[in-house]
Amino acid sequence: MLCSICQSIDFYAANCPPYPESGGAKHQPTSQALALSAKNGCELCGLIWSKVPDNKRPSGVFTQGGTILCNLWNWYDGPVEEYRGSATIIFRDERSQWSVILSISAEEDSELAVANLISGRIAQPSANSQACFDLSEKWVNSCLSTHNSSCPHDATASLPTRVLDVGTNGSSKQVRLLETKGLEGVWVALSHCWGRTARYVTETKTLQQRIEAIALSELPKTFLDAVIITQRLGYQYLWIDSLCILQDSNQDWLVESRQMQNYYSKSVLTIASDLASGDHESFLDNGRSPVVPLKIPFTAKNGTSASHVYISNQVKTQGPDSPQTPLGVRGWTLQEDVLSPRTLHYTSAELAFECQRSRFAETDVTPQGYTDSDAMGSIKRFFLKPESGFQDPLVLKYPTFTKYYQPIQRWYRLFEVYCTRLLTFESDRLAAIAGLAKEIQRQTTFSYKAGIWLENIHHGLLWAVNGRGETPDRYRAPSWSWAALDMNFYWGNSTNPDFQLYMHSLWISDTNAGGVAEILGCDVQTVNGDPFGDVMAGQLRLRGLVMPLNEWRGTTSPCINTFWHPVAYHQCPVYREGTSAPGGFRRPMAADQLVLDFDVTPEEVEDSDTNEDDDSGVVSDEESNEDEVEVALRGLA
């Protein structure tokens, strides 16, 4: 049931931003009237009233309030020609006492959709529908034809070493593993969660069998879905890591893992099975259960009521529903997503598409990714071609946003996202981000040293653990690298937020600020000399300002007790003048500080000149008048 007011909303009058306060279409005259209408059974008034905070309801906070207004608005800040309307409707008190945001949709051929007032659309019952495949094909082809400057595509690239040949007609009952031997072509990649059940993989003993044929009935549901999508979109080759890399061969893994950057960045499309927690689950036939929206009549300009709009509590989010999906919390999948020029996301609520320029969703025909918050938050946008970001309309409007597309600044933002994700094997800490590091190296020509960039090392060393990281049983990286610690701690089904890494560099306003410390030497030894490979040893020598450490016998930090635990991985900020920083702040903000992290107890403070194996990180000569003291980080590598 709907009240007379809800049956006659003027959506044309609502087509304006929620400011000034008096702008918008009028709804109920007061909050009391809204509450009464909800009590009398109006479903839309009831939905709105249920979202009004208790402390904003008429009970002493205010007695009357203002008129209830509604607005169609989505804070879009992109090219006008790409705007297709709003997918959200805001109901609010005129006196700014409260506001409620709901989703709104219209049928494709309705007047409000054609007039670009409402961009929201109703999701299909299944992602396996022809409508979803048509939409996917439209997205991919549109990006390929119009986003040449930002979303690369090479139709003559060499295929991966092995790919699944899924055929050309889509009717085959089997596929096969193809050893490409330099063959050129176009391929689709799959990003998926392996899961903890029995895994369907390729090993040395099954390689020949996979080359001859793989029955579709053998494939786990995730792989079968990926094959179907590849076929339906008209592509012949599909790359799946667990099938195309020999899982029992360290040598094959070493060779293929080095190519992972190319396998994703040069693919025509990546299929992301966001909602599947393992390969045994289907993401194509996932039994969607979308929220049933309220059907609201719409009166056209000519006075007829020939169509409807649909309003629900399922508020649109920007882009796919990651990172809270099974795929979105995994460490390996970050680079798979960011490196991919185009990604199809199969989420629990809808189909979504994300390229290096824009995001599109099944339930919103207005492209997303054009707001201020998106520019700051998107880690994928223009990643492969950051120079395109400098010509982005939003950057041209706000020139300070250029820093968000600078490769090194992008790396630090990726780093923080990566360190919140989970790895099955902590030994993969460097390997799972190596593809992103290779792309950053390609863009900057910087030298990669165990997760830190030598040419930006003053910023790169400013990492800290929010909590107490654990040292792995087996050596992984020198102690001055963030990769030296295990960082995933489980609390129930999620990562404990007390244990995360973060970068101080992200809080330095001048991204080009230099450092005080002089780098005397940095040497990292890796397997086979690959700078992005496993680290065997590393040493860093620098010269900088230090803080004297005298007869300290405390149980907390002699500098700033940054964290909640006793002495371990705390920080000593030192200014150019050599004076210690005043206490009281948590994160050093100035760009002219040398921040040293160390792990020390009173009994371990020794002279590093006489004991090369000690664990102390800072030693100062009390009688020296030198402004600078050479600091050798020994015993910490």
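The values are calculated or read from the model by the stated rules, or taken from the named source; none is laboratory data. For clarity, every value in this text was computed on a predicted model and none was experimentally measured. Positions of Cβ are backbone-derived with ideal geometry, glycine not excepted, and every protein chain shown enters the neighbour counts.
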**OP:** Please give the number of the condition Val417 fails out of (1) closer than 30 Å to Gly529 by Cα; (2) at pLDDT below 85; (3) buried (at least 17 other Cβ atoms within 10 Å of the Cβ).
**Re:** (3)
Subject >> Residues that are surrounded by 18 or more Cβ atoms within 10 Å (Cβ to Cβ) and out of contact with any helix residue (DSSP H, G or I) (no Cβ under 9 Å at 6 or more places or on another chain), drawn from segment 185-213 >> reply: Val186
Original post:
Within segment 191-230, which residues are of a type in the set (D, E, K, R), in a helix (DSSP H, G or I) and more than 26 Å from the chain's Cα centre (by Cα)?
Top reply: Lys205, Arg210, Glu212, Glu218
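Can you confirm whether Arg468 is at pLDDT 75 or above and in a loop (DSSP other than H, G, I, E, B)? So that I can check it myself, show each step before the final result.
Numbers: at pLDDT 75 or above: no; in a loop (DSSP other than H, G, I, E, B): yes.
When the stated conditions are applied, Arg468 does not pass them.
This table checks each residue for (1) of a type in the set (A, V, I, L, M); (2) under 21 Å from Ser158 (Cα atoms); (3) modelled with pLDDT under 95.
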site: Val227; (1), (2), (3): yes, yes, no
site: Leu233; (1), (2), (3): yes, yes, no
site: Trp239; (1), (2), (3): no, yes, no
site: Val255; (1), (2), (3): yes, yes, yes
site: Tyr264; (1), (2), (3): no, yes, no
site: Ser277; (1), (2), (3): no, no, yes
Original post:
Mind checking whether some residue in segment 441-456 is modelled with pLDDT under 90, in a helix (DSSP H, G or I), polar (S, T, N, Q) and not assigned by TED's automatic domain parsing to the domain that holds Gly544?
Top reply: no
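To keep it simple, each residue is scored yes or no on (1) in contact (Cβ under 8 Å) with a residue 60 or more places away in the chain; (2) under 30 Å from Ala349 (Cβ atoms); (3) out of contact with any helix residue (DSSP H, G or I) (no Cβ under 7 Å at 6 or more places or on another chain); (4) crowded, with 16+ Cβ neighbours inside 10 Å.
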| position | (1), (2), (3), (4) |
| --- | --- |
| Ala127 | yes, yes, yes, yes |
| Thr168 | yes, no, yes, no |
| Ser172 | no, no, yes, no |
| Leu178 | no, no, yes, yes |
| Leu183 | no, no, yes, no |
**OP:** Kindly check whether there is at least one residue in segment 386-395 that is over 18 Å from the mean Cα position of the chain (by Cα), modelled with pLDDT of 85 or more and in a loop (DSSP other than H, G, I, E, B).
**Re:** no
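Any chance segment 149-159 includes a residue that's among the β-branched types (Val, Ile, Thr) and either not assigned by TED's automatic domain parsing to the domain that holds Phe360 or not in a loop (DSSP other than H, G, I, E, B) (or both)?
Start the filter on segment 149-159 by keeping residues that are among the β-branched types (Val, Ile, Thr), which leaves 156.
Those left that are additionally either not assigned by TED's automatic domain parsing to the domain that holds Phe360 or not in a loop (DSSP other than H, G, I, E, B) (or both): none.
No, because not a single residue in segment 149-159 is among the β-branched types (Val, Ile, Thr) and either not assigned by TED's automatic domain parsing to the domain that holds Phe360 or not in a loop (DSSP other than H, G, I, E, B) (or both).
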Original post:
Would it be correct to say that Ser242 is in the same structural domain as Ile271 (by TED's automatic domain parsing), of a type in the set (Ser, Thr, Tyr), closer than 22 Å to Gln335 by Cβ and surrounded by fewer than 18 Cβ atoms within 10 Å (Cβ to Cβ)?
Top reply: yes
Original post:
Is it the case that segment 42-53 has a residue that's at pLDDT below 95, part of a loop (DSSP other than H, G, I, E, B) and in the same structural domain as Leu72 (by TED's automatic domain parsing)?
Top reply: yes
